[in-house]
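The values are calculated or read from the model by the stated rules, or taken from the named source; none is laboratory data. No experiment lies behind these values; they were computed from the predicted model shown. Here the Cβ is made from the backbone with ideal geometry for all residues, glycine too, and neighbour counts use every protein chain on show. Surface areas here come from the heavy atoms of the whole protein model, side chains and all, with no ligands, DNA or RNA. Shrake-Rupley method; radii C 1.70, N 1.55, O 1.52, S 1.80 Å.
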Amino acid sequence: IIVLCGHNQNAMEKVTIWSQRNPSFSLYILPFTNKMDRIIQISDAIVTRPGGRTSCEALHLGCPIIFNCIGGIMPQELLTVGYFKNRAISITISNPQQLASIIHTWISQPEVYLTIRNKVLLAKQQFKPEQIIKQVLNIYL
């Protein structure tokens, strides 16, 4: 499991402590990086806030997304959540237990993971940034 903490030193310290207390999990804890595309390419899925940039990168690279909406969805994240939800190409969690359940399901029933992965790959083929921009402009204009 790769854990990206960005510039959040507090998060990095907490994850490091958790990792030390749970040695059965292999965690790679990383600070901010400009190489997100490479990390997404080697990932089976990503857990992220529903920001537009990371979500589009994941879609472009064919990587399933689990949106971390613990604590709610910010107004600027609503378009991203809606886009992915309408295409059934993401999962949204609102508590940590949901993440554990999803991972358990994907491991015990790989066909469930493959279903969402295939949907993402199909959506990737249909993903055209210029069309998304037009759709967003049509909403606000």
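Once all protein chains are placed together, Ile70 keeps about 80 Å² accessible to a 1.4 angstrom probe. Taken about its Cα centre, the stretch 19-89 carries a charge dipole of about 60 debye when Lys and Arg each add +1 at the Cβ and Asp and Glu each add -1 at the Cβ. Only Lys, Arg, Asp and Glu carry charge here, each on its Cβ (+1 for the first two, -1 for the last two); on that basis the stretch 60-141 has a dipole of about 220 debye about its Cα centre. Note on the chain: helix-only mean residue ellipticity at 222 nm, from DSSP H runs of 4+ residues weighted -39500 (n - 2.57) and normalised by residue number, equals -17000 deg cm²/dmol. Between Ile2 and Phe25, the simple label model (points 7 Å from Cα in the Cβ direction) yields a spacing of 1.7 nm. Here Met74 and Gln41 are evaluated by their C-beta separation; at R0 = 25 Å the FRET efficiency comes out at 0.40. Applying the criteria of a DSSP loop state and at most 13 other Cβ atoms within 10 Å to the GluC sites (Glu not before Pro) of the stretch 37-135 yields no site. Under the classification rounded if a/c is under 1.5, otherwise prolate if a/b is larger than b/c and oblate if not, where does the stretch 80-133 fall, given a ≥ b ≥ c as square roots of the Cα gyration tensor eigenvalues? Oblate. Say a paramagnetic label sat at a point 7 Å from the Cα of Ile103, along Cα to Cβ; which residues of the stretch 19-34 have their backbone N under 12 Å from it? Flagged as within label range: 19, 22-28.
A dipole drawn for the chain from +1 and -1 charges on Cβ atoms has a positive end, and of Pro75, Ser26, Ile139 the residue lying farthest that way is Ile139. Heavy-atom accessible surface of the chain, averaged per residue, reaches 68 Å², computed with a 1.4 Å probe.
Reachable lysines from Lys124, Cα under 24 Å, same-chain residues fewer than 8 places away excluded? Hits, sequence-local ones excluded: Lys35, Lys85, Lys134. For the chain, the Cβ-based charge dipole about the Cα centre amounts to some 180 debye (Lys, Arg positive; Asp, Glu negative; other atoms uncharged). Reducing the stretch 46-72 and the stretch 74-140 to their Cα centroids gives an inter-centroid distance of 7 Å.
Put a dot 7 Å past the Cα of Asn95, heading toward its Cβ, do the same for Ile17, and the two dots end up 2.3 nm apart. Solvent-accessible area of the chain (1.4 angstrom probe, protein heavy atoms only): carbon and sulfur portion equals 58 percent. For Tyr113, Tyr140, the ranking by accessible surface with the largest value first comes to Tyr140, Tyr113, using a 1.4 Å probe. Which of rounded, prolate, oblate describes the stretch 18-59, given a ≥ b ≥ c as roots of the alpha-carbon gyration tensor eigenvalues and a/c under 1.5 marking rounded, otherwise prolate only if a/b is larger than b/c? Prolate shape, in that a/c is at least 1.5 and a/b is the bigger ratio. Would you kindly calculate the translational diffusion coefficient of the chain, applying Stokes-Einstein with the Kirkwood radius from alpha carbon pairs, for 10 °C and a viscosity of 1.306 mPa s, and quote it in µm² s⁻¹ without decimals? Diffusion coefficient, whole number: 97 µm²/s. Relative contact order of the chain, taken over Cα pairs closer than 8 Å and 6 or more residues apart, is 18 percent.
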